[in-house]
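Every number here is computed from the coordinates shown, using simple stated rules; none is lab data. Treat the numbers as computed from the prediction; the structure is a model and nothing was measured. FYI the Cβ positions are ideal-geometry reconstructions off the backbone, even for glycines, and counts take in every protein chain you see.
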Amino acid sequence: MTAIKEASTIQQNKKYALDSCPVTYVMEKIGGFWKPIILYHLSSGDKRYSELKRAIPAVTEKMLIQHLKQLETDGLVIRTAKPVVPPHVTYELSGAGKGLIPVIHAMAEWAFKDMDGKYTCK
């Protein structure tokens, strides 16, 4: 992976947008295809990795792991590992993650209306 040149114009513009626009800030945290879907499934309670994988069968293992790590780094998800064999790891929403649930549910509500009820989500 190439290093990001922090002094580049695009990075300065991105930093300005993050600092001045709340929508940009939110999209930086939950942007991407899978993050809102993961948050949606965690809104019903903590889940193990295998439960999330079953709930979102189209996501690859690599993408699910990557996005769970990013959500954890951004403070939206809490990963809890119990020191047992085999490993027992659960993921749950943090306080900040729970604060996004009304936003995620509003997105789902809008989708149901816009798609005339043709959409079903597991």
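Hey, can you rank 72-79, 37-44, 53-60 by average C-beta count inside 10 Å, highest first?
On the way: 72-79: 15.6, 37-44: 19.8, 53-60: 12.9.
The packing order, highest mean first, is 37-44, 72-79, 53-60.
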| field | Interchain or long-range residues, amide H under 5 Å from Leu93's placed H | value | Ile78
| said: Tell me the mean residue ellipticity at 222 nm calculated for the chain from its helices only (DSSP H runs of n ≥ 4, each -39500 (n - 2.57), averaged over every residue, nearest 500). | reply: -16000 deg cm²/dmol
| task | Report which label in (1) 17.4, 54; (2) 16.6, 49; (3) 23.2, 84 holds the value of Rg and Dmax of the Cα atoms in Å derived from the coordinates of this structure. | result | (2)
